[in-house]
1. For segment A:13-20, indicate whether the set of residues that are out of contact with any helix residue (DSSP H, G or I) (no Cβ under 6 Å at 6 or more places or on another chain), within 30 Å of residue B:29 (Cα to Cα) and surrounded by 18 or more Cβ atoms within 10 Å (Cβ to Cβ) is non-empty.
2. Just checking: which of the strands (runs of 3 or more DSSP E) contained wholly in segment B:36-113 hold 3 or more residues that are at pLDDT below 95, in contact with a helix residue (DSSP H, G or I) (Cβ under 9 Å, 6 or more places away or on another chain) and over 22 Å from residue B:137 (Cβ atoms)?
3. Among the candidates A:51, A:60, A:56, single out the residue that is modelled with pLDDT of 95 or more and surrounded by fewer than 22 Cβ atoms within 10 Å (Cβ to Cβ).
4. Quick one: in segment A:42-52, of everything that is facing another protein chain (nearest Cβ under 9 Å) and out of contact with any strand residue (DSSP E or B) (no Cβ under 7 Å at 6 or more places or on another chain), which residue is farthest from residue B:77 (Cα to Cα)?
5. What are the residues in segment A:87-121 that are over 14 Å from the mean Cα position of the chain (by Cα) and under 23 Å from residue B:80 (Cβ atoms), if any?
6. Could you pull out the residue among B:118, B:137, B:153 that is at pLDDT below 95 and touching a strand residue (DSSP E or B) at 6+ places or on another chain (Cβ under 7 Å)?
7. Working carefully through the options A:114, A:146, A:120, find the one that is outside the structural domain of residue A:76 (by TED's automatic domain parsing), within 16 Å of residue B:9 (Cα to Cα) and surrounded by fewer than 20 Cβ atoms within 10 Å (Cβ to Cβ).
8. Name the strands (runs of 3 or more DSSP E) wholly inside segment A:58-122 in which the number of residues that are in contact with a helix residue (DSSP H, G or I) (Cβ under 6 Å, 6 or more places away or on another chain) and under 18 Å from residue A:19 (Cα atoms) is 1 or more.
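The values are calculated or read from the model by the stated rules, or taken from the named source; none is laboratory data. Values in this document were obtained by computation on a predicted structure and should not be read as measured data. Using ideal geometry, Cβ is built from the backbone for each residue, glycine included, and neighbour counts are taken over all protein chains shown.
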């Protein structure tokens, strides 16, 4: 293992609807917005040169916001539209995982905010049609890895797995 | 809602062998465990990071009852056509990372004058064989990501 590589510190998304994404991660998921960085001419030109359309974006406007997941870990949002449809079934990125200590509490909070919960990515078409189980282990909700999880989607359609480890979790048992 | 951590980043691989070579030989991540299909094929493979977090890969085989296309992509994975832009590993010795990547023949871009980015951190970038960009970030004493956590930083210059 490389001795200089420590861990995941952020995941970054570009946004067609930046205000909606910012509101989702800040207000719906409750991540603290820790700082924002502004565009300048060089940054805008750099994106033009790599195939992005920056029409309507000007120096001084927000380029990036950082939202804190945990100490040293963030979701980074770019106020930068992409061209395609963000076909999350047909791209390299599959999903990212936010780990919680109490998945039932997380489910209840999201349900109260009207966020649909899915048993797997949305394209599997398996939404929870009733509240997430109060006793998920007793009700057989552990995945093959032994953990508990459900999926939600952000406003751009990116899949987010909300996961709680259990005493059966391979993620815990495999620690080297 | 309290989150403990970013647990993992999950990626699909068109070329699982080349993908695995990159993550196990370039990034030297140990394989942690596999989740398998009923036919005994790898459904999901977990690679472990020192932090206890994971990179997860879907090599393309599906569980019974599901379509393999769910776990396999045919597109070009162009960054400007998708919302996912990159993910980032924290490093604590950037010059060692630059030397190591160069030695392994992996292109790494970084500021030639060793300046920090607008966020106050040292940023460099590599790309995996599927076209997924990874940032390698080293925090500095002026990193805005750390705020009041500076006592807890590892700083190797």
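1. To start, the set of residues in segment A:13-20 that are out of contact with any helix residue (DSSP H, G or I) (no Cβ under 6 Å at 6 or more places or on another chain) comprises A:13-14, A:16-20.
Applying the additional criterion that residues be within 30 Å of residue B:29 (Cα to Cα) yields A:13-14.
Next, only the ones that are surrounded by 18 or more Cβ atoms within 10 Å (Cβ to Cβ) stay: A:13-14.
Checking segment A:13-20: at least one residue is out of contact with any helix residue (DSSP H, G or I) (no Cβ under 6 Å at 6 or more places or on another chain), within 30 Å of residue B:29 (Cα to Cα) and surrounded by 18 or more Cβ atoms within 10 Å (Cβ to Cβ).
2. Numbers: elements: B:42-48, B:54-58, B:84-91.
Strands (runs of 3 or more DSSP E) meeting the threshold: B:42-48.
3. Values: A:51 fails: modelled with pLDDT of 95 or more; A:56 fails: modelled with pLDDT of 95 or more.
Result of the check over A:51, A:60, A:56: A:60.
4. Taking segment A:42-52 first, the residues facing another protein chain (nearest Cβ under 9 Å) are A:43, A:47, A:50-52.
Now narrow it down to the ones that are out of contact with any strand residue (DSSP E or B) (no Cβ under 7 Å at 6 or more places or on another chain): A:47, A:50-52.
Values: A:47: 17, A:50: 14, A:51: 14, A:52: 15 Å.
Top of the filtered list is A:47.
5. A:87, A:89, A:90, A:91, A:92
6. Numbers: B:137 fails: at pLDDT below 95; B:153 fails: touching a strand residue (DSSP E or B) at 6+ places or on another chain (Cβ under 7 Å).
One residue alone meets the criteria, B:118.
7. Details: A:114 fails: within 16 Å of residue B:9 (Cα to Cα); A:146 fails: within 16 Å of residue B:9 (Cα to Cα).
Criteria check complete, one pass: A:120.
8. On the way: elements: A:62-70, A:73-78, A:93-100.
Those strands (runs of 3 or more DSSP E) span A:62-70, A:73-78.
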